[in-house]
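Below is one structure; the comments refer to it alone.
Computed from the coordinates by the stated procedures, all read-outs in this text should not be read as laboratory data. Worth saying up front: this structure is predicted, and the values here are computed from it rather than measured. Cβ placement follows ideal geometry from the backbone for every residue including glycine, while neighbour counts extend to all protein chains displayed.
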């Protein structure tokens, strides 16, 4: 690996050898509904509680990944997994029946990109044969933890985002067909003092601007050099703010920027306010929409910059602000 500050260029770009995605009914009814491997109409996934449902969501997504890769759980060197629930509960209970070495990770909605970074470093630097990444979110389990029980019927503010019921998983290997992970850029915490826990887009946008600008500067590239610069999940409010912040840094993102929170739902037909969010939002869209297009050659290179609002119920109750983070991954259709 070759490092320049927080940018790491991988000398042996890992191959994304397989991927899988699962979504709930509302996500399946959105513009990208046909892209996902599994669309489950039962939001409880056959379980008794919402938290158990999210664990089942992860299990199904991982099993589909293994099926597509034509391997068993014993063939996975290690697995990075995370979710929004305290102490990564959904991930832990989803994976406890497997003997895969497990790293529980948390980066809020940036968790999938964080996991890809760690897995890519393991595969490229440590030469592990196979590393997997798995993240999820569930609307009902997240609402219960971060906001109000569903029966409360609380009103959502216009800048609030809808936590997606979704999951995504990838398998990385040292060699294989495209796509490839060519570079990674670790995020830095950025906090502009946003205290409205519903306004996550505004809290995360500064971190997205910081990471994207640092990556472009370090690689001496411009936004126009990419087929897409994909954020997840700034939503409508955060995406508008990101465009303005990047303008101030001298980068024109219009025309190349796409946000998974905006892509997931039809803003005119589905009542999701500022768009989608959650660990599973960008994970499912990267796996369901972008990776197949990179594999086919319809796209050649994207910069995936996943954002996270690093708040907790405890920090909100204490009146703390909402710090933001953004981890970036360069995914290419060619190895070099």
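Couple of notes before you dig in:
- Remark: 200, 122 ranked as 122, 200, counting other beta-carbon atoms within 10 Å and listing the fewest first.
- Put in order of Cβ neighbour count within 10 Å, fewest first, the listed residues 210, 191, 259 become 191, 210, 259.
- FRET efficiency, 1/(1 + (r/R0)^6) with R0 30 Å, evaluated for residue 315 and residue 126 via beta carbons: 0.30
- Note on residue 175 and residue 221: the extension gain reaches 13.9 nm, defined as 0.36 nm multiplied by sequence separation minus the Cα-Cα distance.
- Gap separating the Cα centres of region 176-242 and region 110-125, nearest whole Å: 16
- Normalising the Debye intensity of the chain to I(0), with uniform scatterers on Cα atoms only, and taking log10 at q = 0.07, 0.10, 0.14 Å⁻¹ returns -0.24, -0.50, -1.04.
- Cβ-Cβ distance of residue 29 and residue 295, R₀ of 22 Å, FRET efficiency by 1/(1 + (r/R0)^6): the value works out to about 0.30.
- For region 107-148: span of alpha carbons on each principal axis (Å, largest first): 45, 14, 10
- Shape of region 56-136, Cα gyration tensor, a/c cut at 1.5: oblate
- Shape of region 247-336 from the C-alpha gyration tensor: prolate (a/c of 1.5 or more and a/b above b/c, with a ≥ b ≥ c the square roots of its eigenvalues).
- Compactness of region 10-173 as Cα Rg over 2.2 N^0.38 Å, two decimals: 1.05
- Cβ-based exposure ranking for 99, 233, in which fewest neighbours within 10 Å come first: 99, 233
- Fraction in percent of alpha-carbon pairs per bin - 5 Å, region 180-332: 2, 10, 19, 23, 20, 14, 7, 3, 1, 0
- Label point distance in nm, residue 73-residue 252, each placed 7 Å from Cα along Cα→Cβ: 5.2
- Residue of 207, 169, 160 that the Gaussian network model of the chain assigns the largest fluctuation, springs spanning Cα pairs under 10 Å: 160
- With a cut-off of 13 Å on the backbone N, the residues of region 16-35 near the modelled label site 7 Å out from residue 269 along Cα-Cβ are 26-34.
- For residue 99 and residue 195, a Förster radius of 41 Å and the Cβ-Cβ distance give a FRET efficiency of 0.40, rounded to the nearest 0.05.
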